[in-house]
Amino acid sequence: MAAIPVDQQQPLVERLMSACEGSYTPDQRRKYFITGPQWAAAYEGHSLFQDKTRETLGFERVIEEYARIGIGYWCTHDTDVIPTTALGHDGQEEIIGRIGESLKKNGLKCSMVTTETFHNAVWAASPAAHADQVREYANWRVENTVAIGHQLGAQYAVYWPGALGYFIQGAMDELQTLKWYAECINAACAKDIELAKKHNRATLKHCMEAKPFEPVAEILLPTSDSMLALIFSGLIKHPAMVGLNPEYLHELMWGTAPRAALARALMCGKLFHFDINDGYSGKHDVDIAIGLVNPLDWLNVFVLLRSYGYSGPFNLDYKPPRTTSVHGVFHVSFPTAVDRFITLWEMAGEALTDPILQQATDALKAGGPRVANGLDAAAITAANKELLSLHELISHRLFQILIGQNKGRTFSV
């Protein structure tokens, strides 16, 4: 093939995207509670060891592109859109006004706000540092974000304490630090109750997001389970307001099954919000788009969520690859991520009504004939042994649904 002239490269990408088929319309995409983060679309392609590959984008462009794609909700960190130096000043109100106008113009809603408590140098020793003025500032930052959320009509607030930890052992008292961090969550909830009453709105759902490692060496709340422990510890003054925002890859990073972590959150009634992406177990936070690494696992995740009626947001928390252009971010990355979500979500619905899966599951629940002696382990084993082969059959059937083999797709050999 001859070299592709620069002015023909975008048309080539669009032509091949069209040839892929299987896309959903913007109206179809808006039927799902899918949220698009400011930081994901505006990610410039930088990393710890790599320079940026894309130009800076403002919220107006991101909101406009999300509307065109059919993503109905937008979310942001406070400093994604407001410079740190403008927080709490007149510049903040001016920017919030512009965001509100942009959302209204493009028919989007703000679903969630979150506070940056990990990037700025003030958080070098975490938002729950020894210095009381740092902690006071952290409390004000989350209160200010809650106020922004009410102004923009958000329903959720998310907290990622990625800097809550240490690099060097002995530098902090872990128990005291956790107590200080609980005070920060308490400050956010108290401000929320005050503002909800003032604005005649419901309070926000406050969602904690875990990550096992990065950026600090030892994180004090590394898993969703550790955050559940904090919520139920007695340190949180309004535990009914506080739940989880698990991220698929964050759970996978430390080697657990995301589906199992989600089940524990559901069991506790604390699955408020869910960040969706993909990646590799035991490795760093690559934030690949949903379904590009573990599509079968994602199908199983959605079977679980559909089985237990999860109706919260699905937040596209991922980083478009550094190799993708800005044009590609909005014409490849986000449309395909949304479409894979829809396909996998609907496949999960298909799995829940599949007669083979239903019969296999019912048979496992029915079990074999009851034996006379309920203490005879060998007899109980023999009565159920053949049914247990259905475990593998169920997995195979889910794979067939994933690739369409249940509808007759086969390959000639």
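Would you call GLU101 among the acidic types (Asp, Glu), surrounded by fewer than 14 Cβ atoms within 10 Å (Cβ to Cβ), at pLDDT 95 or above and under 21 Å from ASN144 (Cβ atoms)?
Details: among the acidic types (Asp, Glu): yes; surrounded by fewer than 14 Cβ atoms within 10 Å (Cβ to Cβ): yes; at pLDDT 95 or above: yes; under 21 Å from ASN144 (Cβ atoms): yes.
For GLU101, the condition - among the acidic types (Asp, Glu), surrounded by fewer than 14 Cβ atoms within 10 Å (Cβ to Cβ), at pLDDT 95 or above and under 21 Å from ASN144 (Cβ atoms) - is met.
Kindly provide the set of residues from the range 19-49 that are modelled with pLDDT of 95 or more and over 30 Å from TYR310 (Cα atoms), ordered by number. Reasoning before the result, please.
Of the range 19-49, the ones modelled with pLDDT of 95 or more are 19-20, 23-45.
ALA19, CYS20, GLU44, GLY45, listed by residue number.
Just to be sure before I move on: is LEU152 over 18 Å from the mean Cα position of the chain (by Cα), loosely packed, with under 15 Cβ neighbours inside 10 Å, modelled with pLDDT of 95 or more and aliphatic (A, V, I, L, M) in the structure I sent?
no
This table checks each residue for (1) closer than 29 Å to ILE219 by Cβ; (2) crowded, with 18+ Cβ neighbours inside 10 Å; (3) touching a residue at least 12 places away in the same chain (Cβ under 8 Å); (4) touching a helix residue (DSSP H, G or I) at 6+ places or on another chain (Cβ under 6 Å).
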{"residue": "GLU55", "(1), (2), (3), (4)": "no, no, yes, no"}
{"residue": "GLU64", "(1), (2), (3), (4)": "no, no, yes, yes"}
{"residue": "ALA67", "(1), (2), (3), (4)": "no, yes, yes, yes"}
{"residue": "ILE71", "(1), (2), (3), (4)": "no, yes, yes, no"}
{"residue": "THR84", "(1), (2), (3), (4)": "yes, no, yes, no"}
{"residue": "GLY97", "(1), (2), (3), (4)": "no, no, no, no"}
{"residue": "MET112", "(1), (2), (3), (4)": "yes, yes, yes, no"}
{"residue": "ALA131", "(1), (2), (3), (4)": "yes, no, no, no"}
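With the condition being farther than 30 Å from ASP51 by Cβ and in contact (Cβ under 8 Å) with a residue 40 or more places away in the chain, I'd like the helices (runs of 4 or more DSSP H) fully within the range 312-413 carrying at least 2 qualifying residues. Step through it out loud before you land on a result.
Working: elements: 334-353, 355-366, 377-384, 390-403.
Helices (runs of 4 or more DSSP H) meeting the threshold: 334-353, 355-366, 390-403.
Being crowded, with 20+ Cβ neighbours inside 10 Å and part of a helix (DSSP H, G or I) is the filter here; which residues of the range 34-53 pass it? Full working, then the answer.
Start the filter on the range 34-53 by keeping residues that are crowded, with 20+ Cβ neighbours inside 10 Å, which leaves 34-38, 40-43.
Once the filter is applied, which keeps residues that are crowded, with 20+ Cβ neighbours inside 10 Å and part of a helix (DSSP H, G or I), the range 34-53 yields GLN38, ALA40, ALA41.
Determine which member of the set ILE236, ILE231 is in contact with a Lys or Arg (Cβ under 9 Å, 6 or more places away or on another chain) and either of a type outside the set (A, V, I, L, M) or assigned by TED's automatic domain parsing to the domain that holds LEU305 (or both).
ILE231
Taking the range 223-264 as the region of interest, how many residues are more than 21 Å from GLU174 (Cα to Cα) and assigned to a loop (DSSP other than H, G, I, E, B)?
Matching residues across the range 223-264 total 6.
On the given criteria, is HIS250 farther than 19 Å from THR343 by Cβ, surrounded by fewer than 17 Cβ atoms within 10 Å (Cβ to Cβ) and in the same structural domain as TYR66 (by TED's automatic domain parsing)?
no
With respect to the numbered conditions (1) more than 22 Å from the chain's Cα centre (by Cα); (2) buried (at least 18 other Cβ atoms within 10 Å of the Cβ); (3) part of a helix (DSSP H, G or I); (4) not basic (Lys, Arg), which one is the sole condition not fulfilled by ILE193?
With (1) more than 22 Å from the chain's Cα centre (by Cα); (2) buried (at least 18 other Cβ atoms within 10 Å of the Cβ); (3) part of a helix (DSSP H, G or I); (4) not basic (Lys, Arg) applied to ILE193, the lone miss is (2).
The values are calculated or read from the model by the stated rules, or taken from the named source; none is laboratory data. Note that the structure is a prediction, hence the values are computed from the model and not measured. Neighbour counts are summed over all protein chains in view; Cβ atoms, including those assigned to glycine, are modelled from backbone coordinates with ideal geometry.
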